[in-house]
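Here the structure is laid out as structure tokens; the discussion comes afterwards.
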Amino acid sequence: MIQLPIDLPYRTALGRADFLASACNEAALGWIERWPAWPAAGLVVYGPQGCGKTHLGHLWCERSGGVLIKCSERALTDAISSVPGVAPGLALDDVDEAPDVPFLHLYNRCVEHGVRLLILMRPAPASAPIVLADLASRLRALPAVEIAAPDDALIGAVLIKHFADRQMRVSPEVIRYLVRRMERSFAGAAFLAEQLDRLALSRGGPVTVPLARQLFDEIAAQSSMPSDLGVT
């Protein structure tokens, strides 16, 4: 019997014990754990989608008493009016999607009042598409640390975490099968976990190697996977 999948909410575990440390992210994690011994008013952490930047933001807020803000224009504008009383620090997530003008105003206000900044973005500051020269120069003057692409061991652990967040138990055999055939990207791991969750719910059974093979076949046939999540 085919069951209709129901989108149930699930909780992403964001504690320190849930952060999967590896060579690709140990430098960024080290900076977070050195707080408050930072040499500047802020830090930039950059890396691909889904690599753990937001998780690091939550860890830093827990250590610093800061607040994490998703960089919509409304959120930035609200934060400007609340500095300096809102928190001793702000973690600004998805900064590469932030409008330049309110972001620059918030940055300047934080510096003026001694509010520390953790800036989370996908591109490196030097290559970010920032129009305002003043804002670009401020970001490039901050220390910056990259989260690089994961190795096989980490991508397997990331898959396990995504499944665990969805309260799914998946065998090591399935994890090995996925790792051998997927591109080594954090976003790809999230995509596969989501799709396998939905497919397993619709079939009313567990995630197995045949189910994973079916998903890869469907992706190949429909060409529906984003270009950076391709399979081999």
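The values are calculated or read from the model by the stated rules, or taken from the named source; none is laboratory data. Everything numeric in this text was worked out from a predicted model, so none of it was measured. Reconstructed Cβ throughout: ideal geometry from the backbone, glycine too, with neighbour counts over all protein chains shown.
Side notes on the structure shown:
- Some residue of segment 45-67 being of a type in the set (S, T, N, Q), farther than 29 Å from Leu154 by Cα and in the same structural domain as Glu112 (by TED's automatic domain parsing): no
- Taking each residue of segment 165-191 that is more than 14 Å from Val207 (Cβ to Cβ) and looking for partners that are hydroxyl-bearing (Ser, Thr, Tyr) and in a helix (DSSP H, G or I) with beta-carbon atoms closer than 8 Å, six or more apart or interchain, yields nothing.
- Within segment 116-153, being over 25 Å from Trp35 (Cα atoms) and touching a residue at least 12 places away in the same chain (Cβ under 8 Å) holds for Ala128, Pro129, Ile130, Val131, Leu132, Asp134, Asp151, Asp152, Ala153.
- Exclusive hit being among the small types (Gly, Ala, Ser) and more than 30 Å from Ala193 (Cβ to Cβ), set Ala148, Ala98, Ala79: Ala79
- Of the residues making up segment 132-148, those that are closer than 23 Å to Thr77 by Cβ and either outside any loop (DSSP other than H, G, I, E, B) or small (Gly, Ala, Ser) (or both) are Ala133, Asp134, Leu135, Ala136, Ser137, Arg138, Leu139.
- Ile80 vs. criteria outside the structural domain of Ala189 (by TED's automatic domain parsing), surrounded by 15 or more Cβ atoms within 10 Å (Cβ to Cβ) and closer than 22 Å to Pro48 by Cβ: no
- Index of the failed condition, Thr54 passing every other in (1) of a type outside the set (Asp, Glu); (2) modelled with pLDDT of 95 or more; (3) touching a strand residue (DSSP E or B) at 6+ places or on another chain (Cβ under 6 Å): (2)
- Qualifying residues in segment 34-56 (those that are part of a helix (DSSP H, G or I) and buried (at least 24 other Cβ atoms within 10 Å of the Cβ)) - the one farthest from the chain's Cα centre (by Cα): Leu56
- Subset of segment 85-131 [in a helix (DSSP H, G or I), of a type in the set (A, V, I, L, M, F, W, C) and over 16 Å from the mean Cα position of the chain (by Cα)]: Val101, Phe103, Leu104, Leu106, Cys110, Val111, Ala126
- Taking the conditions (1) more than 18 Å from the chain's Cα centre (by Cα); (2) surrounded by 17 or more Cβ atoms within 10 Å (Cβ to Cβ) in turn, Arg176 satisfies each one other than (2).
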